[in-house]
Amino acid sequence: MPTFRDAEQARAILGAVAERARFGEAARGLREAELVVAFVYHDPELTVLMDGRTPAPDGAYMRVAFDTLEPAPDVVFESSGEVGNRFWQGRLDVPMALARGQVKARGPINRALKLLPILPGLYETYREVVREMGAGELLEP
Amino acid sequence: MSRVRAAVLEEAGRRLQVEELELEPPGPGEVMVRLAAAGVCHSDLHVIEGDLPVPLPAVLGHEGAGVVEAVGEGVTRVRPGDHVVLSWIPGCGRCYYCRIGRPELCDEAARLQVAGTLPGGALRLRRPGGAPVHHFLEVSCFAEATVVPERGVIPVRPDVPLDRAALVGCAVTTGWGAVVHTAGVRPGSSVAVVGTGGVGLNVVQAAALSGAWPVIAVDRVPAKLELARQFGATHTVDASRTSDVIGAVVDLTEGRGADYAFEVVGRPETIASAYGMARKGGTVVVVGVAAPHLEVGINAFSLPSQSKVLTGSWYGRSVPEVDIPHILDLYMAGRLKLDELISRRYRLEEANEAFDALRAGEVARGVLLLGG
Ligand SMILES: [Zn+2]
Ligand SMILES: [Zn+2]
């Protein structure tokens with residue numbers, strides 16, 4: 001399966017996705033749940049923190065930071081970058097991936113899983129960004 | 001009393017040292033075997049690295065074959081001149097597990113593994129005029145000759161080259177039995193094998209021989225994956241090129257996961273991977289031997305909701321008296337590969353090099369030629 005070339009690329013793509021999604025429906029869900037969710041990736045190593053608890057100065061629903069676990073996340077999803085790339089495309093069956101151990105989760109993950117139904121918009125944004133950045137090889141048909 | 005050269009491990013973390021030891025003649029119910037060849041196995045390496053505590057100093061080696069030189073009082077199973085493969089679980093025949101037909105779980109053999117002696121506490125190896133040296137798994141075949149219990153010698157046909165026969169003492173029987181006895185793989189079922197060293201290759205070939213399809217081999221060393229294809233793997237996953245081996249196996253099995261997943265590495269991560277790559281209701285067989293202090297994390301909800309069968313396989317759940325001759329017949333009939341398992345042959349003095357190669361993951365199986 002395709003995966004990020006390196007942490008730089010992953011950070012650039014996910015940074016752009018977050019920038020576009022900060023006012024979107026998924027971010028609003030995170031804000032309403034007052035959740036801080038972290039995605040810890042290995043190979044490449046990258047931590048993405050999505051903070052729906054701390055109010056953003058420009059009124060966005062969430063703040064995004066890389067390689068930090070401050071503020072302390074409620075929920076942490078840990079996986080390989082490969083599985084992460086699959087997730088952001090909407091190609092990962094998350095409950096199945098948890099059962100198989102492809103994704104390890106800590107914290108009250110039910111609160112985070114509740115957000116799954118509002119994520120498809122985000123998946124679309126991800127695919128858009130990947131294509132715009134000329135990294136189409138990351139996408140599965 | 002005879003003199004034999006043997007590779008002794010003085011203490012964990014040290015190199016093996018080849019020295020001359022005194023070997024006492026076999027006592028009642030014991031057999032002296034002049035060794036021809038011994039395979040170099042991960043379990044020996046575990047002892048060398050201190051991951052498997054056994055009494056030291058000891059003569060290691062538990063995968064061996066040779067020719068009977070002398071028998072002790074009351075021995076009826078073999079006579080001098082018989083070719084034998086050594087079993088590292090000589091079932092006592094009396095304990096609960098032996099009586100229910102699970103000799104690989106023999107209580108007495110397990111006790112003697114920890115005691116480092118033969119039955120009855122016998123020690124037949126000693127430094128000249130000095131202290132005894134412990135036995136390892138009642139075999140101790142990194143030596144020119146050894147003394148073992150009668151139940152630990154399996155008579156085999158004399159037309160099989162003994163270096164090939166030696167491998168059937170551990171690696172082949174362990175891999176074969178995991179497929180045939182523990183899992184009971186059925187024709188047409190899908191199989192994933194994590195780890196294709198000496199034992200893993202035998203899981204692959206037994207699965208192929210059982211009619212499984214696909215047979216997916218997973219390893220980090222491309223040369224081993226190439227070898228796995230020779231042994232019947234239909235697909236390979238190079239774990240050095242993907243960090244999602246579970247996803248790769250799921251993709252190769254119509255999105256379901258494998259009917260049977262075998263772990264043949266002995267590490268918590270690969271055990272968790274094998275669990276993850278089995279389909280719902282599938283079977284996971286852990287063959288790899290991890291160090292005793294390690295633990296595995298698996299998803300708790302999946303235990304009931306995916307209802308996989310998670311089990312282990314010790315010495316292939318074999319009955320060595322039956323399985324070892326049978327496997328050798330299959331080899332002689334051209335149905336099962338043994339020649340290709342041997343990557344390199346070494347002299348006893350080169351035992352440490354053989355372990356270096358095993359540590360480096362370079363070889364399927366290294367074999368010490370002991371000249372018997
Ligand atoms: Zn072994
Ligand atoms: Zn027993």
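Computed from the coordinates by the stated procedures, all read-outs in this text should not be read as laboratory data. Quantities reported herein were computed from a predicted structural model and do not represent experimental measurements. Cβ atoms come from the backbone with ideal geometry, glycine included; neighbour counts cover every protein chain shown.
Among B:Ile327, B:Gly257, B:Ile342, pick out the residue whose Cα is farthest towards the positive end of the charge dipole of segment B:222-372, where Lys and Arg carry +1 and Asp and Glu carry -1 on C-beta, about the Cα centre.
Of B:Ile327, B:Gly257, B:Ile342, it is B:Gly257.
In debye, nearest 20, what is the charge dipole magnitude of segment A:93-138 about its Cα centre with +1 on Lys and Arg Cβ and -1 on Asp and Glu Cβ, if you could check?
My answer is approximately 400 debye.
Can you pull the Rg over Rh of segment B:1-127, Cα-only, Kirkwood?
My calculation puts Rg/Rh at 0.95.
Relative contact order for segment B:87-195: what percent, with Cα pairs under 8 Å and sequence separation of 6 or more?
For segment B:87-195, the relative contact order is 23 percent.
Per residue, how big is the convex hull around the C-alpha atoms of segment B:323-363? Give it to me in cubic angstrom, could you?
97 Å³
Any chance you could list P(r) for the protein assembly as shown, counting all Cα-Cα pairs in 10 angstrom bins from zero, rounded to whole %?
The percentages, shortest bin first, are 4, 18, 24, 20, 14, 10, 7, 3, 0, 0.
For an R0 of 41 angstrom, estimate the FRET efficiency from the Cβ-Cβ distance between B:Ala12 and A:Glu34 and round to the nearest 0.05.
Given R0 = 41 Å and the Cβ-Cβ separation, E is 0.20.
Using 0.36 nm per residue of separation minus the Cα-Cα distance, give me the extension gain between B:Glu19 and B:Asp238 in nm, one decimal.
74.7 nm
Pick from B:Ala122, B:Ala131, B:Ala208 the residue whose mean-square fluctuation is largest in a GNM of chain B, springs joining Cα atoms under 10 Å.
Greatest mean-square fluctuation among the candidates belongs to B:Ala131.
Output the relative contact order of chain B, whole-number percent, from Cα pairs under 8 angstrom with separation of 6+ residues.
It rounds to 19 percent for chain B.
Straight-line reach only, C-alpha to C-alpha below 17 angstrom: list the lysines that B:Lys308 could link to, leaving out same-chain residues fewer than 8 apart.
Cross-link targets: B:Lys280.
Using only alpha-carbon positions, what ratio does the radius of gyration of segment B:57-158 give when scaled by 2.2 N^0.38 Å?
Cα Rg divided by the expected 2.2 N^0.38 Å: 1.06.
Could you list B:Asp159, B:Asp51, B:Asp356, B:Asp44 so that the one with the fewest beta carbons within 10 Å of its beta carbon is first and the one with the most is last?
B:Asp159, B:Asp356, B:Asp51, B:Asp44
Roughly what percent of Cα-Cα pairs across segment B:213-352 reach past 23 Å?
In whole percent, the long-distance tail amounts to 46.
Tally the DSSP beta bridges in chain A and give the antiparallel ones as a percent, rounded to 5.
Restricted to chain A, the bridges split so that about 70 percent are antiparallel.
Listing B:Cys98, B:Cys41 from the residue with the fewest other Cβ atoms within 10 Å to the one with the most, what is the order?
Going from least to most buried by this count: B:Cys98, B:Cys41.
Using 0.36 nm per residue, how much length does the chain from B:Trp213 to B:Ser305 gain when fully extended, once their Cα-Cα distance is taken away?
30.5 nm
Please list, or write none, the lysines whose alpha carbon is within less than 22 Å of the alpha carbon of A:Lys114, excluding same-chain residues fewer than 8 places away.
Within reach: A:Lys104.
For chain A, modelled as a GNM with alpha-carbon contacts under 10 angstrom, which of A:Val48, A:Val76, A:Val94 fluctuates the most?
Of A:Val48, A:Val76, A:Val94, the most mobile in the Gaussian network model is A:Val94.
What fraction of the Cα pairs in chain B, stated in percent, has a spacing above 34 angstrom?
The share of Cα pairs beyond 34 Å in chain B comes to 24 percent.
Treating cross-link reach as a plain straight distance, find the lysines whose alpha-carbon is under 29 Å from the alpha-carbon of B:Lys337, omitting any fewer than eight places away in the same chain.
The reachable lysines, counting only those whose Cα sits under 29 Å from B:Lys337, are B:Lys224.
Hey, got the Cα dimensions of segment B:110-166 along the principal axes, in Å, largest first?
In descending order, the Cα extents are 39, 27, 15 Å.
Relative contact order (percent) for segment A:55-141, with alpha-carbon contacts under 8 angstrom and 6 or more residues of separation?
It rounds to 27 percent for segment A:55-141.
Points 7 angstrom from Cα along the Cβ direction at A:Phe66 and A:Leu139: gap in nanometres?
Roughly 2.2 nm, to one decimal.
Quick one: putting +1 on the C-beta of Lys and Arg, -1 on the C-beta of Asp and Glu, what dipole do you get for the protein assembly as shown around its Cα centre, in Debye to the nearest 20?
1000 debye
To the nearest Å, what is the center-to-center distance of segment B:262-306 and segment A:1-78, using C-alpha atoms only?
The two parts, judged by their Cα centres, are 31 Å apart.
Taking the number of other C-beta atoms within 10 Å as the exposure measure, put A:Tyr41, A:Tyr123 in order starting with the fewest.
A:Tyr123, A:Tyr41
Using only the alpha carbons of chain A, what is the convex hull's orientation-averaged projected area in square nanometres?
In nm², the orientation-averaged hull projection of chain A is 7.6.
If I build a Gaussian network model for chain B, linking alpha-carbon pairs within less than 10 angstrom, which residue out of B:Ala171, B:Ala143, B:Ala360 has the largest mean-square fluctuation?
Residue with maximal mean-square fluctuation among B:Ala171, B:Ala143, B:Ala360: B:Ala360.
Taking only DSSP H segments of four or more residues, each worth -39500 (n - 2.57), what value at 222 nm results for the protein assembly as shown once the sum is divided by all its residues, to the nearest 500 deg cm²/dmol?
Taken over the protein assembly as shown, the calculation gives -8500 deg cm²/dmol.
Which distance in Å, rounded to a whole number, links the C-alpha centroids of segment B:1-62 and segment B:355-372?
About 15 Å separates the Cα centre of segment B:1-62 from the one of segment B:355-372.
What is the ratio of the Cα radius of gyration of segment A:33-95 to 2.2 N^0.38 Å, where N is its residue count, to two decimals?
1.16
In segment A:1-70, with Lys and Arg counted as +1 and Asp and Glu as -1 at Cβ, which of these residues, A:Ala7, A:Val37, A:Tyr61, has the Cα nearest the positive end of the dipole, that is, farthest along it?
With unit charges placed on the Cβ atoms, the residue in question is A:Tyr61.
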